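Student: The structure that follows is given in the form of structure tokens.
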Amino acid sequence: MELIRLSKGSIEIVSGNGYYGIKNEQEITKKLDKSFEGTIISIVFNTNSDMYYLLKDEND
């Protein structure tokens, strides 16, 4: 989740009757009117950037 926020990407998850998303640094949760059987996950990373990221353990 931190990488999505840092890279100005987005994530959307639909599962059961719930929706969760992070887009434009805003976190959104919704209860859907109808239930969805299964789970859909969409992740977008901004690859049009000169920045790069390391995990804390990789910086040694």
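Student: Taking amide H positions as placed 1.01 Å from N in the peptide plane, with prolines and chain starts having none, which residues 5 or more places from LYS8, or on another chain, fall under 5 Å of its amide H?
Tutor: Answer set, sorted by chain and number: none.
Student: Where Rh is the Kirkwood radius over the Cα pairs of the chain, the temperature 10 °C and the viscosity 1.306 mPa s, what D in µm²/s does Stokes-Einstein return?
Tutor: 121
Student: If r is the Cβ-Cβ distance from SER49 to GLU27 and R0 is 22 Å, what FRET efficiency results, to the nearest 0.05?
Tutor: It comes to 0.55.
Student: Could you go through the stretch 31-42 in sequence order and give the Karplus-derived ³J(HN,Hα) for each residue, using 6.51 cos²θ - 1.76 cosθ + 1.60 with θ = phi - 60°, rounded to whole Hz, and x for Gly and Pro?
Tutor: 9, 7, 5, 10, 8, 10, 7, x, 9, 10, 10, 10
Student: Summing -39500 (n - 2.57) over the DSSP H runs of n ≥ 4 in the chain and dividing by its residue number, what mean residue ellipticity at 222 nm do you reach, to the nearest 500 deg cm²/dmol?
Tutor: Theoretical 222 nm ellipticity from helices: -1500 deg cm²/dmol.
Student: Run the reach check for LYS8 against aspartates and glutamates, Cα to Cα strictly under 20 Å, same-chain hits fewer than 8 apart removed. What comes back?
Tutor: Straight-distance partners of LYS8: GLU25, GLU27, ASP50.
Student: Tell me which GluC sites (Glu not before Pro) from the stretch 22-60 have a DSSP coil assignment and no more than 14 other beta carbons within 10 Å of their own.
Tutor: For GluC sites (Glu not before Pro) across the stretch 22-60 that sit outside H, G, I, E and B with at most 14 neighbouring Cβ atoms in 10 Å, the list reads GLU25.
Student: Identify the chymotrypsin sites (Phe, Trp or Tyr not before Pro) of the stretch 11-55 meeting these criteria: DSSP loop state and at most 15 other C-beta atoms within 10 Å of the C-beta.
Tutor: Hits after loop and neighbour filter: PHE45, TYR52, TYR53.
Here, each number is a calculation from the coordinates, and none is a lab measurement. These numbers were taken from a predicted model, which means no experiment stands behind them. Every residue, glycine among them, receives a Cβ derived from its backbone with ideal geometry; neighbour counts consider all protein chains shown.
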